[in-house]
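Structure first, then comments.
The values are calculated or read from the model by the stated rules, or taken from the named source; none is laboratory data. Bear in mind the structure is a predicted one, so any value in this text is a computation, not a measurement. Please note: Cβ atoms are built from the backbone with ideal geometry, for glycine as well, and neighbour counts cover all protein chains shown. Surface areas here come from the heavy atoms of the whole protein model, side chains and all, with no ligands, DNA or RNA. Shrake-Rupley method; radii C 1.70, N 1.55, O 1.52, S 1.80 Å.
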Amino acid sequence: MHHMTLAEIARGLADKKFSSEELTKALLARIAQLDPQLNSFISLTEELALSQAKAADARRANGESGALLGAPIAHKDLFCTQGIRTSCGSKMLDNFKAPYDATVVAKLAAAGTVTLGKTNMDEFAMGSANESSHYGAVKNPWNLEHVPGGSSGGSAAAVAARLLPAATATDTGGSIRQPAAFTNLTGLKPTYGRVSRWGMIAYASSLDQGGPLARTAEDCAILLQGMAGFDPNDSTSIDEPVPDYSASLNGSLQGLRIGVPKEYFSAGLDPRIAELVHNSVKELEKLGAVIKEISLPNMQHAIPAYYVIAPAEASSNLSRFDGVRFGYRCENPENLVDLYKRSRGEGFGAEVQRRIMVGAYALSAGYYDAYYLKAQKIRRLVKNDFMAAFNEVDIILGPTTPNPAWKLGAKNSDPVAEYLEDVYTITANLAGLPGLSMPAGFVDGLPVGVQLLAPYFQEGRLLNVAHQYQLNTGWHTRTPTGF
């Protein structure tokens, strides 16, 4: 049963080939057997999962239906789940049990999903390798010596290893799409405001967005359907009707205009990945798409702008973790200042401390205009580039990452080298655009992804292109050896 996609599970449950309870027990046993190799989970929720599975079976017995009713998933461990540890991969929140459910968790529970657990992640979503977690690094199931990508590496590794069919994730600068590329999955970052951030512990509030990680575009459509929608609790949520994402999957690509930015093919891109990108372009041309070279001239400025804006927002958001109200508190503080200093110094890991310090510096009175304000101006230029491009094309295509997954520890001593791996993904977050990564081949036995970007609220178009591509290629069907 573990090889079934979310869509296949929905059909199997509807046809009464198995029950949600049977499926849940099988996957929990598989997680217990295989996850020690991967470290993809922080917490398992067996009791909750079995009770939700029984409830889903009862709902089906009473005549209810739905693609997510009885479907097992997991949540990235920054979505608050009532009464269950929500750690953000940090010692700071190791003892925190959320008093409420995040909107995403509540919506998916109402749709009938079964929560198997909370997945591992880079601490407070800060990282591209899932090595900064307080609970240890996550391993890539395609090669256990390599990283699975971050910060949603736990969700990606668990889905790729067939421990469950799909999982929630979040994307601040590529943290859904990059792990999807590294683990041979499909990952979708929706338009900013499409999915509620209420109850999603913030890293950078103007960049964070929740989305699905699954094996196919069809599965991402199903999970996004349950996640998306307006939320009055979230001031950044946009009141825009949610289309039927599954209904648009089978649309023709005839005449679809696909733009390929010339800036994507610079010296920093592995030539083997460039070849796979060109192969995917040819495949889409066979399906009727029209290819056009375009330019995104301000892309070169995106990384420095992002690594000013995101740490600035992080320094503000993480100021609440002070050892006073909740979370980690140092032992025997001498006074209030000592409490603050030691609680934060002991509770936060090195990467989080680095970004807090950078952010606080960029926001300081003497440097705000020189750094933060200029970064926001660059952000506008990046958005303008995309708006101009989408006057000419319907979709933008390129590599998801410049390189395949690197070895564990290879970039630990050089954080800037790790930051540069986000060069193709962060522009979508700066502009608030939807982006999708889909499997496109392998380099040295490691998966490679191709990224698609679309105008605002065109997630359906991204899913349509990816689904048609997957109907005509087999990359997404490959399974890592041993799993």
Lysines whose Cα lies under 22 Å from that of K107, excluding same-chain neighbours fewer than 8 positions away: K54, K76, K97, K118, K189
Spatial separation of Cα centroids for segment 225-254 and segment 437-483, in angstrom: 20 Å
Cα centre as origin, Lys/Arg/Asp/Glu Cβ charges: segment 367-483 dipole, Debye: 140 debye
Solution diffusion estimate, µm²/s, Stokes-Einstein, segment 165-238, Kirkwood Rh from C-alpha pairs, 4 °C, viscosity 1.567 mPa s: 106 µm²/s
Among A305, L336, I378 the positive-end extreme of the charge dipole of segment 279-422 (Cβ point charges): L336
Size of charge dipole - the chain - debye, nearest 20, with Cβ of Lys, Arg +1 and Asp, Glu -1, no other charges: 140 debye
Heavy atoms of E218 accessible to a 1.4 Å probe, total area in Å² rounded to 10: 60 Å²
Full-stretch length increase - K25, S295 - with 0.36 nm per residue and alpha-carbon distance subtracted: 92.1 nm
Alpha carbon centroid spacing (whole Å) that separates segment 151-177 from segment 306-378: 27 Å
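Under a 1.4 angstrom probe, counting protein chains only, how are V352, V290 ranked by accessible area, largest first? Kindly include the intermediate steps, with their values, before the conclusion.
Working: V352 0, V290 80 Å².
Heavy-atom accessible area, descending, gives V290, V352.
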Accessible surface, the chain, averaged per residue in Å² (probe 1.4 Å): 36 Å²
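At 222 nm, what helix-only mean residue ellipticity would the chain give, in deg cm²/dmol to the nearest 500, using -39500 (n - 2.57) for each DSSP H run of four or more? Numbers along the way, then the final one.
Numbers: 15 runs with 176 residues, N = 483.
About -11000 deg cm²/dmol.
When the solvent-accessible surface of protein heavy atoms is calculated with a 1.4 angstrom probe, in what order do K97, K16 fall, highest first?
Details: K97 135, K16 160 Å².
Result, largest first: K16, K97.
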For segment 1-139, alpha-carbon Rg over 2.2 N^0.38 Å: 1.08
Rounded FRET efficiency, nearest 0.05, which uses the C-beta distance separating A32 from K286 and R0 of 45 Å: 0.55
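Tell me the volume per residue, in Å³, of the convex hull enclosing the alpha carbons of segment 218-334.
With only Cα atoms used, segment 218-334 gives 242 Å³ per residue.
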Whole-Hz ³J(HN,Hα) from phi, Karplus 6.51 cos²θ - 1.76 cosθ + 1.60, for segment 165-173, glycine and proline x: x, 7, 8, 7, 8, 9, 9, 9, x
Unit charges at the beta carbon, dipole of segment 298-436: most positive-side option, P404, S319, A428: S319
Convex hull volume per residue for segment 121-276, taking Cα atoms only, in Å³: 147 Å³
Karplus-derived HN-Hα couplings along segment 373-380 (A = 6.51, B = -1.76, C = 1.60, θ = phi - 60°), whole Hz, x at Gly and Pro: 5, 5, 4, 5, 5, 4, 4, 5
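On the protein heavy atoms, probe 1.4 angstrom, tell me the percent of accessible surface of the chain carried by carbon and sulfur. Mind showing how you got there, number by number?
Numbers: 9050 of 17490 Å².
C and S fraction of accessible area: 52 percent.
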